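Novice: One structure, as structure tokens, below. Some questions next.
The values are calculated or read from the model by the stated rules, or taken from the named source; none is laboratory data. Bear in mind that the values here come from a model prediction, so they are computed numbers and not experimental data. Don't worry about glycine lacking a Cβ; one is built from the backbone with ideal geometry, like all the others, and counts go over all protein chains shown.
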Amino acid sequence: MIITDGAQPRLARGCRFGADDTLLVPEGVLRLKGTGAEILKRCDGTRTLGEIVGEMREQFVGMVESDVEEFLRKLNERGVVEW
Amino acid sequence: MTDKPLALIAELTHRCPLRCVYCSNPLELAGRKQELSTAEWVSIFEQAAAMGIMHAHFTGGEPLLRDDVVELVSAARKSGLYVNLITSGVGLSEGKLSKLVHAGLDHIQLSFQDFDEEAAAEISGVRVLAKKREAARLIRQTNLAFTVNLVVHRKNLDRLEELIAFAEGLGPQRIEIANVQYYGWAMENRSSLLPTREQVERSVEVLNRRKLAPHKNIAIDFVTPDYYGKYPKPCMGGWGRRLMLIDPAGRAMPCHAAAVIPNITFDNVRDKQLRWMWAESAAFQMFRGTEWMQEPCKTCPKQEHDFGGCRCQALLLAGDASAADPVCTLSNKRPLVDSVLQITNAVKESPPPHLPRTLPLIYRSNPS
């Protein structure tokens with residue numbers, strides 16, 4: 001699914017954070033690596049994609065918009081993130 | 001030693017308002033008096049979470065028949081587990097559902113036998129379709145993640161397209177279409193439930209078409225009929241490798257059907273810690289890894305992929321729990337499966353005189 005700058009991504013139903021940067025989903029567990037966990041923590045349904053990208057770029061040198069978009073699109077395909 | 005298990009399967013009770021002919025529970029069911037207490041289950045959840053287990057799947061029987069089910073969901077969630085409730089929906093009132101949600105339930109899986117009352121009742125032995133529809137309606141009003149489960153077999157596989165449309169209309173995020181697995185009560189009814197090759201091929205076409213269609217944001221998981229496969233499934237993700245099951249009486253088992261294996265002994269949560277049973281108990285060691293394997297598994301390049309398939313199926317079909325799963329085309333016991341398929345596929349066209357077209361179904365009994 002296409003994600004626009006104004007979209008407000010959030011975790012899908014049945015998905016929540018577990019201990020140690022894990023994401024618990026209906027079929028199992030996703031282990032999140034550094035920036036992935038940081039992106040997902042910002043997917044609260046209120047921040048827009050634009051805002052998330054802005055915050056990520058501020059915190060992580062070299063992060064570009066397409067990295068965030070691609071990460072969210074992949075998780076959307078797996079039914080973990082929606083907007 | 002092996003990794004920690006990923007999930008705990010908590011069979012809270014064998015009691016059930018349904019009497020499904022495809023039930024995979026053992027023929028010998030535990031009665032209410034044998035069931036674990038609330039405190040015993042709470043301790044299991046704490047031990048499981050401390051071991052690093054992430055998911056708890058509440059099942060049965062019908063887990064809602066436990067008076068303490070809300071308390072158990074709450075305890076499991078407080079221990080840090082992700083809680084999934086697998087239910088028939090019978091007994092799921094609005095009040096009970098609201099309590100379960102507040103207790104921290106993460107996900108609910110609701111089973112349906114059919115969209116037609118008569119067809120559903122033939123399989124489940126009771127008329128409960130209206131109750132199930134009502135349960136689905138109530139679930140949709142909550143924020144719970146919702147999966148609809150439909151078990152398919154010879155009697156309904158021809159209507160797969162309609163079954164999927166029905167399931168979609170119930171409003172879940174996921175649909176699980178599962179072919180019957182032949183253990184327990186299902187094995188007793190295999191000759192009535194095993195689909196024909198033609199049915200299986202058509203069902204695969206239906207699912208492939210569904211994959212190409214706009215997918216309405218509903219995911220479909222399909223559990224294939226393994227008798228028609230070329231290779232076995234990695235049953236339970238490998239014996240003692242991913243899953244730990246606690247039965248209603250507290251026995252720790254690598255899978256729900258494992259009690260059929262001769263000379264197997266199960267330790268009990270009433271005597272031993274989960275961590276010890278996972279790492280050391282005879283039952284979990286029995287077919288763990290690849291040491292126990294015979295040919296063709298012993299030198300098979302796929303041995304770390306399917307782990308020799310299902311041990312219970314090897315026992316039930318080949319009479320030897322350490323043989324390769326006979327559904328594997330590399331197994332010298334595969335002709336046993338082929339002869340079953342031959343009868344199944346012959347019956348439709350011209351049933352031999354000694355084989356009735358339909359055998360009486362054997363309904364699951366209910367423990368007191």
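Novice: With the condition kept exactly as written, say whether any residue in region B:131-151 is within 14 Å of another protein chain (Cβ to nearest Cβ), under 23 Å from B:Gly250 (Cα atoms) and not basic (Lys, Arg).
Specialist: no
Novice: Looking only at region A:12-46, which residues are crowded, with 17+ Cβ neighbours inside 10 Å, farther than 16 Å from A:Asn76 by Cβ and modelled with pLDDT of 95 or more?
Specialist: A:Leu24
Novice: May I pose another question? Before we move on, is B:Ala48 within 14 Å of chain A (Cβ to nearest Cβ) and assigned to a helix (DSSP H, G or I)?
Specialist: yes
Novice: For region B:59-115, which residues satisfy the criterion of being buried (at least 24 other Cβ atoms within 10 Å of the Cβ), within 14 Å of another protein chain (Cβ to nearest Cβ) and either acidic (Asp, Glu) or assigned to a loop (DSSP other than H, G, I, E, B) (or both)?
Specialist: Across region B:59-115, the qualifying residues are B:Leu81, B:Leu105, B:Asp106.
Novice: Can you name the residue in region B:162-197 that is part of a loop (DSSP other than H, G, I, E, B) and over 30 Å from B:Ala259 (Cβ atoms) and is also farthest from the other protein chains (Cβ to nearest Cβ) among such residues?
Specialist: Looking at the filtered set, the residue picked out is B:Thr196.
Novice: Follow-up question, since we're still on this one. Considering region B:126-140 alone, what residues qualify as being touching a residue at least 60 places away in the same chain (Cβ under 8 Å) and surrounded by 20 or more Cβ atoms within 10 Å (Cβ to Cβ)?
Specialist: Kept after step one, since they are touching a residue at least 60 places away in the same chain (Cβ under 8 Å), are these residues of region B:126-140: B:126, B:128.
B:Val128, the sole residue that qualifies.
Novice: Within region A:1-78, considering only helices (runs of 4 or more DSSP H) that don't extend past its boundaries, which have at least 1 residues that are within 14 Å of chain B (Cβ to nearest Cβ)? First the steps, then the outcome.
Specialist: Numbers: elements: A:34-41, A:49-59, A:65-77.
So the answer is A:65-77.
Novice: Do you know which of the residues in region B:141-167 that are within 18 Å of B:Ile86 (Cβ to Cβ) and more than 20 Å from the chain's Cα centre (by Cα) is surrounded by the fewest Cβ atoms within 10 Å (Cβ to Cβ)?
Specialist: B:Thr142
Novice: Criterion first (in a helix (DSSP H, G or I), of a type in the set (Lys, Arg) and either within 14 Å of chain A (Cβ to nearest Cβ) or on the phi < 0 side of the Ramachandran plot (or both)) does B:Arg127 satisfy it?
Specialist: In short, no.
Novice: Just need a number here: residues in region B:1-35 that are out of contact with any Ser or Thr (no Cβ under 9 Å at 6 or more places or on another chain) and surrounded by 20 or more Cβ atoms within 10 Å (Cβ to Cβ).
Specialist: 8
Novice: For a quick check of your reading of the model, give me the residue pairs whose first member lies in region B:51-70 and is of a type in the set (Gly, Ala, Ser), whose second is surrounded by fewer than 20 Cβ atoms within 10 Å (Cβ to Cβ), with beta-carbon atoms closer than 7 Å and at least 6 apart or on different chains.
Specialist: Hits for this filter: B:Gly52/B:Lys4.
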